[in-house]
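Here is the structure we will look at, set down as structure tokens.
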Amino acid sequence: MPKPTILTYIDAGTSGVTHVMRAIAREVRPATYELRAVMADDLRHDAALFDDSVLFVMPGGTDLPFCEALNGAPNQRIRRFVHEGGVYLGICAGAYYACRGLAFHAGNADAICGPRELGFVDALAVGSLPQLTGGIAYDATPRSAAAAEIRTTEHLSTTPVSLFAHYHGGCRFDFGGRTSHAAQILAVYTGIEGDPPAIVSARVGEGRAILTGVHLEDSAQECKDALRGYNDMAAHVPMCEKLAKTEKARLQTFRLLLAQAGLALR
């Protein structure tokens, strides 16, 4: 009997896929799941791709290549998978991609704005968030990364927990003053006025979409390792040290997200 499969998209536009797949593999029950990396061609041509799948992970990166590769029939397959009971986990760019629309650097030369086909969460994904990074907008370098303070809500943990999570260009979720009965706020940014949503979840048909603007899969040590090779590495080590202060809470919160996705954990 085939094992349930966890799919992670690794095609053009993605980054950090090794971290995501390794982080999930460490936490799920051994020998229970098959972890598989998938490309856009798999979504176009593999008729059995979703037959035994329980989770589709869209990692960070940049979402325009996602649109180019997946708009149309591939997105329709993802939507059908979720509507029929599957779970979509969108991280950073994967979260932008699954909202009703996004406003990334709106009004600037590098703006990326507009509706998105999946539309799993009826919110506008707004970013980046220079309030978290000392005023530096996302520029794909460690200068625009931060240890963002977030706080979980009762929808994720019985007792709210505050922790630092790796932030690098992600979004907040703007529901326009209302939230659908299908949507829940799982965590908020406490370092931004008004404590906007940082992690959200929504029912989609028989399934669920879980979207996070922060990288809970990244440990403090992995963030530090990623700095090697940068001339200004020393300037960013304090961010890693800040992340390390709440490493246990970070891992606990990541595990809670995986549990929300219905995965059996070790």
Seminar exercise, completed: With x for Gly and Pro, the residue-by-residue ³J(HN,Hα) of region 47-55, computed from phi through the Karplus equation 6.51 cos²θ - 1.76 cosθ + 1.60 at θ = phi - 60° and given in whole Hz, is 5, 9, 3, 9, 4, 10, 7, 10, 8
Exercise. Considering only region 5-260, what is the antiparallel percent among its DSSP beta bridges, to the nearest 5?
Worked result: 55 percent
Seminar exercise, completed: Tilt, helix 73-83 to longest principal axis of the chain (alpha-carbon atoms), in degrees rounded to tens, equals 90 degrees
Exercise. In degrees, nearest 10, range 0 to 90: what is the angle between the Cα axis of helix 17-27 and the longest Cα principal axis of the chain?
Worked result: 80 degrees
Exercise. For the chain, what class follows from the C-alpha gyration tensor (a ≥ b ≥ c being the square roots of its eigenvalues): rounded when a/c is under 1.5, otherwise prolate if a/b is larger than b/c, else oblate?
Worked result: rounded
Problem set entry | Inter-part distance where region 196-266 and region 99-161 are each reduced to a Cα centre, Å | 14 Å
For this session: Report, in degrees rounded to the nearest 10, the 0 to 90 angle that the Cα long axis of helix 247-260 makes with the longest principal axis of the chain.
Result: 20 degrees
For this session: Take the alpha carbon gyration tensor of region 1-97, find the square roots of its eigenvalues, order them as a ≥ b ≥ c, and report rounded if a/c is under 1.5; if not, report prolate when a/b exceeds b/c, else oblate.
Result: oblate
Problem set entry | Karplus-derived 3J(HN,Hα), 6.51/-1.76/1.60, for each residue of region 84-100, Hz, glycine and proline x | 8, x, x, 10, 10, 10, x, 10, 6, 4, x, 7, 3, 5, 9, 8, 4
Exercise. In terms of modelled amide H atoms, which long-range or inter-chain residues lie less than 5 Å from the amide H of Leu186?
Worked result: Ile199, Val200, Ser201
For this session: Rank-order 38-51, 88-101, 199-212, 69-82 by packing density, defined as the average count of other C-beta atoms within 10 Å over each peptide's residues, highest first.
Result: 88-101, 199-212, 69-82, 38-51
For this session: Arrange the following residues from fewest to most other Cβ atoms within 10 Å of their Cβ: Phe66, Phe164, Phe120.
Result: Phe164, Phe66, Phe120
For this session: Among the aspartates and glutamates, select those whose C-alpha is under 19 Å from the C-alpha of Lys245, and discard any that sit fewer than 8 residues away in the same chain.
Result: Glu149, Glu217, Asp218, Glu222, Asp225
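Here, each number is a calculation from the coordinates, and none is a lab measurement. Because the structure is a prediction, the values reported are computed rather than measured. Cβ coordinates were reconstructed from backbone atoms using ideal geometry, including for glycine residues, and neighbour counts include every protein chain displayed.
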